[in-house]
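The values are calculated or read from the model by the stated rules, or taken from the named source; none is laboratory data. Since we're looking at a predicted model, the values are computed, not measured. Cβ: placed from backbone, ideal geometry, glycine included. Neighbour counts: every protein chain shown.
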Amino acid sequence: LLFPPVLEEVLVSIENELQAVEMQIQELVDKQQELIEKKMRVKSLIKQSSGDLEAGGSKDTETSAEAWNKKDFPWYEKIKTALQSKFKLQKFRSLQLETVNAAMAGKDIFLVMPTGGGKSLCYQLPAVCSDGFTLVICPLISLMEDQLMVLEQLGISATLLNASSSKEHVKWVHTEMLDRNSQLKLIYVTPEKIAKSKMFMSKLEKAYQAGCLARIAVDEVHCCSQWGHDFRPDYKSLGILKRQFPNAPLIGLTATATNHVLKDAQKILHVQKCITFTASFNRPNLYYEVRHKPSNNEDFIEDIVKIINGRYKGLSGIVYCFSQKDSEQVTVSLQKLGIKAGTYHANMDPKYKTKVHKGWAANQIQVVVATVAFGMGIDKPDVRFVIHHSMSKSMENYYQESGRAGRDDQKADCILYYGFGDIFRISSMVVMENVGQEKLYDMVSYCQNMNKCRRVLIAHHFDEVWDSANCNRMCDNCCRENSCEKMDITGYCRDLIKILEQAENMSEKLTPLKLIDAWSGKGVSKLRVAEVTPPKHPREELERIIAHLLLQQYLKEDFSFTAFATISYLKIGPKASLLKNEAHVITIQGITNKKSAYKDKPSQSSNSKGSRENAQTISKTVQDSAVKNSQEHKRPNCGSNLKAKKLKLQAGGDDQPVVLD
């Protein structure tokens, strides 16, 4: 007979196995759903390419792009003349003619077009060619100022209303809104104006009744949706526009929106039926590269300077930083090493921001070091590089920010520096957002991937299907000369879980830094586990393994909120129970020599010498290959990285960023 305590142990064991099986079943169900969705996307693309659209199956249906790509509309000569005489352009870019024709026909439209594709023209040209004015809602003052600067140079009458507008200016705009003969064609406002100004809404209603409101344009329309990467609560109030002015056509524009976000935005804006035009997200002239972020700040800055003084000497670029403090410090460091740089972030004096913006546009400043505040609507065609000092908080943000390079269709580079510590800096910031952490992990997954074409990764995120063959070696992964093999890290995961279990038993919380230290046999001795042998890999590899386990949910983040900060700790994740099954294997992709014999190895215990030596050999090759590819790689048709003289930063406590005239 078995005693009750023994039976209890058997029961616990069975329950653990059942839990592990349930998680594996859930994994398979998730995979099945992912494949079903992918199948539907591919079938949809096949239908679109053959013109067999759901709206009626004909290429001439109202919702198809082909129906609007015509030159026999009565307004065609008018828009063609305005395109050439007013906007100084000789021809339309992809989907511009279709969108302008649909807008002139008074249709409600949603346009998804990549950064640099020419979205603004799609409502500015119809505005110039229509009676009355077009109301444009934008999320940022800098975006509106940028567009007004361009429109002013083109001789097109446009204005903006915001909190700092004078009473005289507001009165003049209100008068023009009701004048059918007014030359004012575009009025830019923030969503706050719609949400909070009863006076403006009153004037807008009178303008609508007088037939002066030609159309409504909602720029960055993804901001409506809480599922979007840049949700703004005031955008939710824009639903009143279609309710109050049902016959005014609406055009929503975005560079970054999935189908789910688009449908949500249409619902919020009360757009019952609309034509949706979606351009490909592929920017064939952009080279995408992810580099390891040096832990030493001085080395990091010198690496950036080496790039700028090498292949980009004298050419315009942007360096995006995580925080305002980072942007100021990087600006000072670049200036010390001879780079003409200026800072741009939200809390700077508006006059200073305008000076930096105009100085950069006029090529007096080579590099703008900025936060995301320097963003949407920035339209300088000859930006040759966008460097991310830290990764973006989402793939949407990264796509939009990197997409500010190469708007003239000439080759440009998008270089992202990926650092382990940035994961937790950003996660602490986005933890309260609806899908903030999920979107951040998508970004981390992009950075961690050393195998797939960067374009394929971007396409998958935005519900497109691309062939990596079309990349033309315009990303670091497609240019790699080494192959990618799977490395067995099951033993390491078991070791990390032992460390976390011990810490939990001691009521200790481990930050990512403390976890790596305990794993490496460093730091506080009480946090180490005697039976865990410290791995002999470089710290960079240990960080990569932990990030992988975090993405795969073997580890998870736990947050502590203080009066001054949000602190991220690591804990055992939901998938860790799968390791109770001795046959369970966890692998990670790594770059190896093509001649390497180390492929998938069977899972071994954490104390196995052979397993550790194999992993160590792979790790060294991974590190050497990654360094070689990131630091010495020459991308096709882009010249080479020239060597820059190594200069030391001079410490100075009172250094401040300055605008270089």
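Between ILE423, ILE415, which is in contact (Cβ under 8 Å) with a residue 60 or more places away in the chain, in a helix (DSSP H, G or I) and either out of contact with any strand residue (DSSP E or B) (no Cβ under 6 Å at 6 or more places or on another chain) or β-branched (Val, Ile, Thr) (or both)?
It is ILE423.
Check the stretch 316-336 and report whether any residue there is in contact with an Asp or Glu (Cβ under 6 Å, 6 or more places away or on another chain), outside any loop (DSSP other than H, G, I, E, B) and either small (Gly, Ala, Ser) or under 24 Å from MET104 (Cα atoms) (or both).
Yes; the residues of the stretch 316-336 include at least one that is in contact with an Asp or Glu (Cβ under 6 Å, 6 or more places away or on another chain), outside any loop (DSSP other than H, G, I, E, B) and either small (Gly, Ala, Ser) or under 24 Å from MET104 (Cα atoms) (or both).
With (1) at pLDDT below 95; (2) in contact with a Phe, Trp or Tyr (Cβ under 8 Å, 6 or more places away or on another chain) as the list, and CYS447 as the residue in question, which single condition is left unmet?
(1)
I'd like to verify a number: residues in the stretch 334-368 that are within 26 Å of the chain's Cα centre (by Cα) and polar (S, T, N, Q), how many?
Residues flagged as within 26 Å of the chain's Cα centre (by Cα) and polar (S, T, N, Q) within the stretch 334-368 amount to 4.
Specify the residue that is surrounded by the fewest Cβ atoms within 10 Å (Cβ to Cβ); the eligible residues are those in the stretch 353-376 that are out of contact with any helix residue (DSSP H, G or I) (no Cβ under 9 Å at 6 or more places or on another chain) and assigned to a loop (DSSP other than H, G, I, E, B). Let's see the steps before the verdict.
Kept after step one, since they are out of contact with any helix residue (DSSP H, G or I) (no Cβ under 9 Å at 6 or more places or on another chain), are these residues of the stretch 353-376: 355-356, 359-360, 362-363.
Checking the rest, the ones that are also assigned to a loop (DSSP other than H, G, I, E, B) come to 362-363.
Numbers: ALA362: 8, ASN363: 13.
This residue is ALA362.
Does the stretch 516-528 contain at least one residue that is closer than 25 Å to PRO294 by Cα, touching a residue at least 40 places away in the same chain (Cβ under 8 Å) and assigned to a helix (DSSP H, G or I)?
The answer is no; no qualifying residue exists.
Condition check: over 20 Å from GLN410 (Cα atoms) and either modelled with pLDDT of 90 or more or not assigned by TED's automatic domain parsing to the domain that holds TYR418 (or both). Does GLN366 satisfy that? Please lay out each step first, then the result.
Numbers: over 20 Å from GLN410 (Cα atoms): no; either modelled with pLDDT of 90 or more or not assigned by TED's automatic domain parsing to the domain that holds TYR418 (or both): yes.
When the stated conditions are applied, GLN366 does not pass them.
Condition first: at pLDDT 90 or above and either of a type in the set (Ser, Thr, Tyr) or touching a Cys at 6+ places or on another chain (Cβ under 7 Å) (or both). Can you find one or more residues in the stretch 142-154 that meet it?
No, the stretch 142-154 contains no residue that is at pLDDT 90 or above and either of a type in the set (Ser, Thr, Tyr) or touching a Cys at 6+ places or on another chain (Cβ under 7 Å) (or both).
Has the stretch 465-479 got any residue that is of a type in the set (Asp, Glu) and in a strand (DSSP E or B)?
No, the conditions are met nowhere in the stretch 465-479.
Could you list, in sequence order, all residues of the stretch 309-356 that are in contact (Cβ under 8 Å) with a residue 12 or more places away in the chain, within 27 Å of ASP422 (Cα to Cα) and polar (S, T, N, Q)?
ASN309, SER316, SER323, GLN324, SER327, THR331, SER333, GLN335, THR343, ASN347
Read through the list (1) surrounded by fewer than 16 Cβ atoms within 10 Å (Cβ to Cβ); (2) touching an Asp or Glu at 6+ places or on another chain (Cβ under 8 Å), then give the number of the only condition that LYS206 fails.
(2) is the only condition that LYS206 fails.
With the condition kept exactly as written, say whether any residue in the stretch 492-503 is under 22 Å from ILE567 (Cβ atoms) and without any contact (Cβ under 8 Å) to a residue 24 or more places away in the chain.
Scanning the stretch 492-503 turns up no residue that is under 22 Å from ILE567 (Cβ atoms) and without any contact (Cβ under 8 Å) to a residue 24 or more places away in the chain.
Taking LYS306 as the residue in question, decide whether it is basic (Lys, Arg), touching a residue at least 24 places away in the same chain (Cβ under 8 Å) and surrounded by fewer than 17 Cβ atoms within 10 Å (Cβ to Cβ).
For LYS306, the condition - basic (Lys, Arg), touching a residue at least 24 places away in the same chain (Cβ under 8 Å) and surrounded by fewer than 17 Cβ atoms within 10 Å (Cβ to Cβ) - is not met.
Please count how many residues of the stretch 400-414 are surrounded by fewer than 23 Cβ atoms within 10 Å (Cβ to Cβ) and not acidic (Asp, Glu).
Qualifying residue count for the region: 4.
With the requirement that a residue be in a strand (DSSP E or B), exposed (fewer than 15 other Cβ atoms within 10 Å of the Cβ) and of a type in the set (D, E, K, R), what does the stretch 538-570 give you?
ASP558, the sole residue that qualifies.
Could you identify the single residue in CYS447, CYS493, CYS484 that is closer than 23 Å to LYS411 by Cβ and surrounded by 15 or more Cβ atoms within 10 Å (Cβ to Cβ)?
Working: CYS493 fails: closer than 23 Å to LYS411 by Cβ; CYS484 fails: closer than 23 Å to LYS411 by Cβ.
Checking each option against the conditions leaves just CYS447.
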